[in-house]
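Down below is the structure, laid out as structure tokens.
The values are calculated or read from the model by the stated rules, or taken from the named source; none is laboratory data. Quick caveat, the model's predicted, so the values are computed rather than measured. Positions of Cβ are generated from backbone atoms using ideal geometry, with glycine treated the same way; all protein chains shown enter the neighbour counts. Ligands, DNA and RNA are stripped out before the accessible areas are found, and what is left, the full protein with its side chains, is counted by its heavy atoms. Shrake-Rupley method; radii C 1.70, N 1.55, O 1.52, S 1.80 Å.
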Amino acid sequence: EPEVTQTPSHQVTQMGQEVILRCVPISNHLYFYWYRQILGQKVEFLVSFYNNEISEKSEIFDDQFSVERPDGSNFTLKIRSTKLEDSAMYFCASGGQGGTEAFFGQGTRLTVV
Amino acid sequence: QKEVEQNSGPLSVPEGAIASLNCTYSDRVSQSFFWYRQYSGKSPELIMSIYSNGDKEDGRFTAQLNKASQYVSLLIRDSQPSDSATYLCAVRAFSGGYNKLIFGAGTRLAVHP
């Protein structure tokens, strides 16, 4: 069964460093998303991406964040200068035609020290 | 502010019973509704989607939607200990664009033998 794949599964980084989280969405899906979940809290929307551009972003997704689809298969989230409060589980999701349903990857646990 | 509200639980039910999980949403024009299951430390897994008023059944799961009351529910029949997880209600928002899901905080379900 097709699935969304994320790498790495766990990333530890020093405050102020840049990190790139990688995702391979389900083949033929057109809608891509990043969500995050701080430990013990709700799943929060960060950004959605369609037709090679951002379609929506939340207040969390400030200038420190960026997304890219560098080729036909990968979808990345970059955090330019990490803060302690960026520590969370980051989930990539993708959706097919119509973008109604979203299927999640297994997540990347980001720890900023 | 568009919100999705769920009782955090825990909802404790005996094995074999029916578990009833509820969700209300504030955006009256929302069109798409989803239930995800999230095991501790894992990613959200889509289990049901519903788009029109009424009931939708899939195996032991039944989703119910009442748009007039802005209410979505999930029934789990013949609950099993393996159903113990957090159940997330998600609504596709209509805020000038609808390319994001907004999640509730989730209801923790505990099925005891």
### Matching strands (runs of 3 or more DSSP E) fully within the stretch B:15-113 where at least 1 residues are of a type in the set (Phe, Trp, Tyr) and either in contact with a helix residue (DSSP H, G or I) (Cβ under 9 Å, 6 or more places away or on another chain) or open to solvent by 70 Å² or more (accessible area, probe 1.4 Å) (or both)
B:71-76
### Message
If A:GLU101 meets every condition in (1) open to solvent by 50 Å² or more (accessible area, probe 1.4 Å); (2) at pLDDT 95 or above; (3) assigned to a loop (DSSP other than H, G, I, E, B) apart from one, which number is that one?
### Response
(2)
